[in-house]
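Since every read-out is calculated from the coordinates, none of them should be taken as a lab result. Everything numeric here is computed off the predicted structure, so don't read it as measured data.
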């Protein structure tokens, strides 16, 4: 013990710097966690306090689909194919009209 001083003079050693850094990082983490928790609690309180009387657009039920005029899905598909054939020139205007009437009458 005679050759070593009890206290080190000057700059802190590696262990001292590491300890100081750990304390600073721990404090910053604790503070940021507390702030985040406080903000989350505040947001939750505001959301529960605000309850609209009417449902918003995101919560509103979707309107029913428009009626298809009594046509089945098969008839609508046939009309679409018939229209494509007419556009391509495979069917004449007269043939198109006859087939369209046949599909619409059922």
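Length available on full extension from residue 71 to residue 103: 0.36 nm per residue minus the Cα-Cα distance, which gives 10.6 nm. Available extension along the chain between residue 46 and residue 27 is 4.0 nm, counting 0.36 nm per residue and deducting the alpha carbon span.
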